[in-house]
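Q: Take this structure, written in structure tokens, and hold onto it; I'll ask about it next.
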Amino acid sequence: MFSRWRQNRTRREQAKRLYDRAVAAARRPVFYDVFGVPDTVDGRFDALILHVFALIHSLDGRDEPAAAELQQRVQECMVVDFDRSLREAGVGDLSVGKKIKSMAQAFGGRFEGYRAALIGDRDLTEAVARNLFGAENIDDAPHAAAMATYLRQAVDHLAALPVERFETDRITFPSPRAETAA
């Protein structure tokens, strides 16, 4: 009984560390200063979603049961963080649930858009322009192609790592290349 509880606690802690890595990667100043991601609450939310997507998507389709569990736990950490952030921002208790639902739906829509683009059903640059920059067309998001390249690199980099690296928090997101944003 206690070993299962410890295992669950360990998985939660692993997922929290992975989620924190995605948060740290999304907060890199280069995304806002060079790649033109809007340095707003919405822009930071969308940068975070992009990184959490890369993390979760890179674990998709693996045979190891730990991969699916980490995917779920990372998403749970994200929702807990949404809740904490909203409360810190002064959102009232009665509104928090509705706002989290809206944020979770935004995450789901962006996740599906990025996933479809990565498997070839849609254009990744268009998905990034729409989701990260809020642009209706690519011309309105001059750095969308560079961010799409970064997203593909991040997914490929993370997908090449064995699940054990995720379990032991030995993952890194690739460094964005500023020259691709020029």
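Q: What's the number of the condition T172 fails, among (1) surrounded by fewer than 17 Cβ atoms within 10 Å (Cβ to Cβ); (2) of a type in the set (V, I, T); (3) over 14 Å from the mean Cα position of the chain (by Cα)?
A: The number of the failed condition is (3).
Q: Kindly evaluate R17 against the criterion of being surrounded by fewer than 13 Cβ atoms within 10 Å (Cβ to Cβ), among the basic types (K, R) and part of a helix (DSSP H, G or I). Give the steps one after another, and end with the answer.
A: On the way: surrounded by fewer than 13 Cβ atoms within 10 Å (Cβ to Cβ): no; among the basic types (K, R): yes; part of a helix (DSSP H, G or I): yes.
When the stated conditions are applied, R17 does not pass them.
Q: Restricting attention to region 49-69, which residues are within 17 Å of T10 (Cα to Cα) and in a helix (DSSP H, G or I)? Full working, then the answer.
A: The initial filter retains those residues of region 49-69 that are within 17 Å of T10 (Cα to Cα), namely 64-69.
P65, A66, A67, A68, E69, listed by residue number.
Q: Within the set of pairs 6 or more residues apart or between chains, which connect a residue that is free of Cβ contacts under 8 Å to residues at least 12 places away in the same chain inside region 159-170 to a residue that is surrounded by 13 or more Cβ atoms within 10 Å (Cβ to Cβ) and not in a helix (DSSP H, G or I) with Cβ atoms less than 9 Å apart?
A: Between residues of region 159-170 that are free of Cβ contacts under 8 Å to residues at least 12 places away in the same chain and residues that are surrounded by 13 or more Cβ atoms within 10 Å (Cβ to Cβ) and not in a helix (DSSP H, G or I), the close pairs are P162/E64; E164/E64; R165/I171; R170/L161.
Q: Among the candidates P29, P38, P65, which residue alone is more than 13 Å from the chain's Cα centre (by Cα) and touching a residue at least 40 places away in the same chain (Cβ under 8 Å)?
A: Details: P29 fails: touching a residue at least 40 places away in the same chain (Cβ under 8 Å); P65 fails: touching a residue at least 40 places away in the same chain (Cβ under 8 Å).
Being more than 13 Å from the chain's Cα centre (by Cα) and touching a residue at least 40 places away in the same chain (Cβ under 8 Å) holds for just one of P29, P38, P65, which is P38.
Q: Scan the helices (runs of 4 or more DSSP H) fully inside region 70-182 and keep the ones with 3 or more residues being within 18 Å of R28 (Cα to Cα) and among the hydrophobic types (A, V, I, L, M, F, W, C).
A: So the answer is 144-159.
Q: In region 49-70, which residues are open to solvent by 20 Å² or more (accessible area, probe 1.4 Å) and modelled with pLDDT of 95 or more? Full working, then the answer.
A: Here is the first cut: in region 49-70, the ones open to solvent by 20 Å² or more (accessible area, probe 1.4 Å) are 57, 60-65, 68-69.
The one that is open to solvent by 20 Å² or more (accessible area, probe 1.4 Å) and modelled with pLDDT of 95 or more: H57.
Q: Among the residues that make up region 99-118, is at least one of them open to solvent by less than 50 Å² (accessible area, probe 1.4 Å), charged (D, E, K, R) and closer than 25 Å to D169 by Cβ?
A: We begin by selecting, within region 99-118, every residue open to solvent by less than 50 Å² (accessible area, probe 1.4 Å); these are 100, 103-104, 106-109, 111, 113-114, 116-118.
If we keep only those that are charged (D, E, K, R) too, we end up with none.
No: region 99-118 contains no residue that is open to solvent by less than 50 Å² (accessible area, probe 1.4 Å), charged (D, E, K, R) and closer than 25 Å to D169 by Cβ.
Q: Now for a different question. In region 42-62, what residues are within 12 Å of the chain's Cα centre (by Cα) and over 15 Å from R152 (Cα atoms)? Steps first, please.
A: Step one: filter region 42-62 for residues within 12 Å of the chain's Cα centre (by Cα), giving 44-58.
Within region 42-62, R44, F45, D46, L48 meet the criteria.
Q: I need the full set of residues from region 71-98 which are farther than 27 Å from E167 by Cβ and either among the charged types (D, E, K, R) or surrounded by fewer than 14 Cβ atoms within 10 Å (Cβ to Cβ) (or both), in order please.
A: To start, the set of residues in region 71-98 that are farther than 27 Å from E167 by Cβ comprises 86-98.
Passing the criteria: R87, E88, A89, G90, G92, D93, L94, S95, G97, K98.
The values are calculated or read from the model by the stated rules, or taken from the named source; none is laboratory data. Please read all numbers here as calculations on a predicted model, not as lab measurements. Cβ atoms come from the backbone with ideal geometry, glycine included; neighbour counts cover every protein chain shown. Just the protein is used for accessible areas: all its heavy atoms, side chains included, with ligands, DNA and RNA removed. Shrake-Rupley method; radii C 1.70, N 1.55, O 1.52, S 1.80 Å.
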